Structure formats: C-alpha cells, structure tokens
C-alpha cells in the first residue's frame, strides 16, 4: 500500500474541516440543549 501514490488537494480537506466545525458549533449551541431538555424529562 505504501507504493500507491495519489494526488489530493489539502485545501479541500481544510474546507471540509471548517464546515464540520461550524456544523458542530451549531449543534452544540442550538440542537443539543433541546435534545437534553427533552431526554431528561
């Protein structure tokens, strides 16, 4: 497997990381509190 070479664009992975972090912050800030409130009733 080490001899297999392929090209990739690091900036594409960076964009995915930024979107993922943004989505995670939205979830933690808005969705998670509602889920916890409903689940702990």
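Observations, loosely collected:
- Crossing angle, helix 10-26 versus the chain [Cα axis fit, 0-90 degrees, rounded to tens]: 0
- Estimated from helices alone, the mean residue ellipticity of the chain at 222 nm is -19000 deg cm²/dmol (sum of -39500 (n - 2.57) over DSSP H runs with n ≥ 4, per residue).
- Here P(r) over Cα pairs in 10 Å bins from 0, in percent was computed from the coordinates, and among (1) 21, 55, 22, 3; (2) 22, 46, 24, 8; (3) 24, 26, 22, 15, 11, 1 the match is (3).
Read-outs: derived from the displayed coordinates by stated rules, not from any lab. Note that the coordinates shown come from a computational prediction; the quantities given were computed from them, not determined experimentally.
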